[in-house]
Amino acid sequence: MTDKGGTSYQQEAPALVLFAGVQGETSARVHILTEDYGPLRGIAYGGASKTGRALWQPGNVVKTNFHKRSAAAPLQISGELLYACAARLLDAPLALGMVQSVCVLADVTLPEADPCPFLFAETVRLLTFLGYDPIVAEREGMPHVVRWEMALLATLGFGLDLSACAVTGSAENLHYVSPRTGRAVSEEGAGEWKDRLLPLPSFLRDTEQTGNAADWLEGLRLTGHFLARDAFGQRHLPLPAARQRMYDRLEMRVLADQTPITE
């Protein structure tokens, strides 16, 4: 890092790995998310080695040291592993897909070097939960991912308002969201426009509920609409493939649960 006068200095901070790609024969381009400095992008020398690839896996929590020799020089990043997330989920494809989707959404949408301490804390909490127990993550992780996407939208300035009905002002019986305004709509307020509104799943209305797979799919459709329109559409980009794969895996699970068993 450099100060306003261009003098080099270095910083140390825990970080989440969002992306890693090969840079030359031995190095890696890495994108990390820090609490105090926001998303940072730089070069990890030795990052393409076997040890480096294991360290810079998206989803890992790493104690990083980063510095610049000059204002024009690339950021140099090194680190040591604090918590390995992705490696714990190799036999849990849906949970692994959650980690991959979260990392790419944060990587693509968050402005570089713009601190976002609340989202950093929420992301650490989510990834440590997903990595703690693969079986639990497969079964219970998705509502946490949907809520994290809600937090991402809020961080980006596109937060949804689920506090009261946009039509009646009531905080009761909120079952829909306006795809135009992102505000909740009650059953009574929906009226003849019901078919044009997005369903608001129960676990987003009540944080004590976890919902089921069909509810989670509705939640992903809800957040996906606003991510696609506001976070990506304004830049003429599609939703990332990792996010679509996660959605598809969940949809296949829902369809499998609905398929009748025949003798």
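The values are calculated or read from the model by the stated rules, or taken from the named source; none is laboratory data. Everything quoted here is computed from the prediction, not taken from an experiment. Glycine also receives a Cβ, built like all others from the backbone with ideal geometry; neighbour counts cover every protein chain displayed.
Restricting 52, 97 to those that are among the small types (Gly, Ala, Ser), farther than 24 Å from residue 149 by Cβ, part of a helix (DSSP H, G or I) and modelled with pLDDT of 95 or more reduces the list to 52. Restricting attention to the range 165-182, the residues that are without any contact (Cβ under 8 Å) to a residue 24 or more places away in the chain and either in the same structural domain as residue 106 (by TED's automatic domain parsing) or buried (at least 18 other Cβ atoms within 10 Å of the Cβ) (or both) total 2.
Tallying residues that are surrounded by 17 or more Cβ atoms within 10 Å (Cβ to Cβ) and in a strand (DSSP E or B) within the range 16-40 yields 17. When 137, 87, 121 are checked against the criterion of being at pLDDT below 95 and either part of a helix (DSSP H, G or I) or surrounded by fewer than 21 Cβ atoms within 10 Å (Cβ to Cβ) (or both), 87 stands alone in meeting it.
The set of residues from the range 195-241 being assigned to a helix (DSSP H, G or I) and charged (D, E, K, R) comprises 195, 196, 205, 215, 218, 221, 229, 230, 235.
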